[in-house]
1. So which pairs qualify, if the first residue must be in segment 606-633 and within 17 Å of L689 (Cα to Cα) and free of Cβ contacts under 8 Å to residues at least 40 places away in the same chain, the second must be among the β-branched types (V, I, T) and buried (at least 17 other Cβ atoms within 10 Å of the Cβ), the Cβ gap must be under 8 Å, and the two must be at least 6 apart or on different chains?
2. Would you point out the residue of segment 36-78, among those that are crowded, with 18+ Cβ neighbours inside 10 Å and at pLDDT below 85, that is nearest to K159 (Cα to Cα)?
3. Checking the conditions here, which among L559, L568, L577 is outside any loop (DSSP other than H, G, I, E, B) and within 30 Å of E640 (Cα to Cα)?
4. Only one of A616, A642, A646 is buried (at least 24 other Cβ atoms within 10 Å of the Cβ), out of contact with any helix residue (DSSP H, G or I) (no Cβ under 7 Å at 6 or more places or on another chain) and either farther than 30 Å from A449 by Cβ or modelled with pLDDT under 95 (or both); which?
5. Among R345, R238, which is in a helix (DSSP H, G or I) and either crowded, with 24+ Cβ neighbours inside 10 Å or charged (D, E, K, R) (or both)?
6. Which condition breaks for N383 when tested against (1) surrounded by 18 or more Cβ atoms within 10 Å (Cβ to Cβ); (2) outside any loop (DSSP other than H, G, I, E, B)?
7. Answer yes or no: is there a residue in segment 388-395 that is small (G, A, S), in contact (Cβ under 8 Å) with a residue 12 or more places away in the chain, in contact with a Pro (Cβ under 9 Å, 6 or more places away or on another chain) and farther than 15 Å from Q253 by Cα.
8. Looking at segment 482-525 only, could you name the residues that are closer than 22 Å to V215 by Cα and either in contact with a Cys (Cβ under 9 Å, 6 or more places away or on another chain) or touching a residue at least 40 places away in the same chain (Cβ under 8 Å) (or both)?
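The values are calculated or read from the model by the stated rules, or taken from the named source; none is laboratory data. Because the structure is a prediction, the values reported are computed rather than measured. No Cβ is skipped: glycine too gets one built from the backbone with ideal geometry, and neighbour counts run over all protein chains shown.
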Amino acid sequence: MLPEQLTLDEFPPIDYVAWRALAEKDLKGAPFEKKLVTSTYEGIAVQPIYTPSDWTDGASRGLPGQAPFVRGARTVAQATAGWLLCQEHAHPDLAETNRAIRSDVNGGVDALLLRLDAAARNGLDPDAPEAAELAARDGLAAYTVDDLDAALADVDLAKVAVWLEAGSAFMPAAALLTQLCQRRGVSKESAHGAFNADPLAVLARDGLLRPGGNVPLTLLADLAAWTARTLPNVTAVRVGTAPYHHAGATSAQDLGFAMATGVTYLRAMTAAGMSVDAAARQIVFNMAVGTHHFLAIAKLRAARRLWDRVVEASGGSPAGAAMRLHAKTSKRVLTVRDPHVNLLRNTAAVFAAAVGGAEIITSVPFDAPIGLPDNLSRRTARNTAMVLAEEGHLHRVVDAPGGSWYLEWLTDQLAEKGWAVLQQVERQGGMRAALESGWVASEIESAFAPRAKKLADRREGIVGVSEFPDAKQQRLERPAPDRQQLTAAAVGRVAAVRPAADSLPAATTIDGARMAASVAAAAAGATLGQLGTMLGMEHDGPSIAPLAPSPFAQPFEELRDACEAWALQHGTPPQVLLATLGRPAQHGARSQYARSFFEAGGFAVIADEAMSDVDAAVAALQKHQAPIAVLCSTDDIYAEQAAAAAQALKAAGAQTIVLAGNPGAAEADYRAAGIDKFIFIKCDVLATLHELLAGLGVVQA
């Protein structure tokens, strides 16, 4: 009979040794480390259970808003006010961007991130010869104060923060935005936002910096010093790790590269006369977070701890070491296929960012990998974050992971690994030298290789792409804007207002005065391109190979793209027949596996529930003229019928016979009977699909 009330006495404590003994008994001889211990791509061995002994330095965590800031850079009162929701806008059309911005602001967005187009990010006006392929591409076609004014029409700049993504042209863009605030009468104290000067991220992403030499870091320091003196609620500098993250970097590399970049920027600013604290307060860290929930949370917590250590080692105070952290959903986890699953991926990422203590969060529209988002996707993106705040109340608990033995341990592990990466970068001569030598790219490539292998064999599955693909789903399309028309309009706008060069204030090369001169030139009507020329941006620096993004789903999606192109030419995608042998209960598991396997590669799968023997399979093959047949059944039936079935299907016209299952010791016999390939759990799915499609001429071998 159960007691009326259970007490702790009914459950005597069990120590780890006793628990492990029971676990090993249940494993029946299988290695504990192999079955229950998993390893991250950072080389961290994750145990199946954690106890207080795994977290022995709890006192070092401090309180929220206090060093070492693991528990958050804000006090409890500040944190419970919630996070800043900062949504990105990158449509080249000023009017369309303004409509989207007003919708976001009316829908509750706190800040706007304006991504300028490729020409503007390189310091060019749209009519510059070098801008022919860059204007109105990948961002807002804004080159003048009037352009920014149009994009931000009816937006109260005293209430809504504006952040810039301006590439190499961070100072010209900052000057234009500053002049717009002055034009609208926004006081220096009321202006909020971020200029986001981040030249090393530009070098990593684009492979080129303008201007060359040390000028970008000089401009960064100049902008930071001017901003610190002039705009108390605006930051000048960003440390962004997105180029590394999207190229395949691990969380430890993300942390190490972030710290190394921060050190580089601190050195530049302090060399220009700023104090360590003042310089550190000018920096916002931007990190991408994916769908590995706990790892993302631990990464954000570890980042604050590491930055506290960097600032302390640089001579700064705890007040200057409080990191300001902006988190954004990672592009590498989002998919083009089955894009509505991205709603769930984005929710997981925003949740992790909030729980991990990010002060600023960007929620990404589900159609972002496809093209420019529409009204619905923007609305669902912002409402995702709002539901988590207003209905999930995530900001009501400060440092929710605090005290979790696993997350505290994982935070420490990532901090140690990230610090080791920072030390490696410093031995390379610093972050810029490490980029220019190719060391960063080589390290990321090596780190990504194990993950790429697991993605290829589906040990790390991608829902809707490599796992559970919907072959009948219509591809979502987002129409591209008319670049030619938008560029022509931008050229006309710029030509109509561009002042003569001799009417602008004289340029200066004096350190600490460039931003002030740029603001004065913007007040006189200078365009972004003229400001860029003033700052010497027509001169390129040395180029490197840019870090290529590695979206997890890309290899599978490329196969599906190739099959769709094939279907347009031939009327149908490449076909594969599931030759099922025996009753559904006998072939069901493997036929379902085979269906998912081939649909992940873009094949049209032909299956007939009534098919149960070789004759029926041969008839189906002849009817559909499928070039590939897949035998699906049990090992026992294979032993009896696979050889004969393969021979019959080959005689009926099949080019390739595939067997669903691991052949084991029988592989040689099966191959001798005409079976060409085998598919099974942990086989290289991607390579097999590519080889089969290459054999049909769908892709190149």
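1. As it stands, the answer is I606/V576, since those pairs meet every condition given.
2. R61
3. Working: L559 fails: within 30 Å of E640 (Cα to Cα); L568 fails: within 30 Å of E640 (Cα to Cα).
Only one candidate qualifies: L577.
4. Numbers: A616 fails: buried (at least 24 other Cβ atoms within 10 Å of the Cβ); A642 fails: out of contact with any helix residue (DSSP H, G or I) (no Cβ under 7 Å at 6 or more places or on another chain).
None of the others qualify; the one that does is A646.
5. Details: R238 fails: in a helix (DSSP H, G or I).
The match here is R345.
6. Checking N383 against (1) surrounded by 18 or more Cβ atoms within 10 Å (Cβ to Cβ); (2) outside any loop (DSSP other than H, G, I, E, B), the one that fails is (1).
7. Scanning segment 388-395 turns up no residue that is small (G, A, S), in contact (Cβ under 8 Å) with a residue 12 or more places away in the chain, in contact with a Pro (Cβ under 9 Å, 6 or more places away or on another chain) and farther than 15 Å from Q253 by Cα.
8. Scanning segment 482-525 gives D511, G512, A513, R514, M515, A516, S518, V519, A521, A522.
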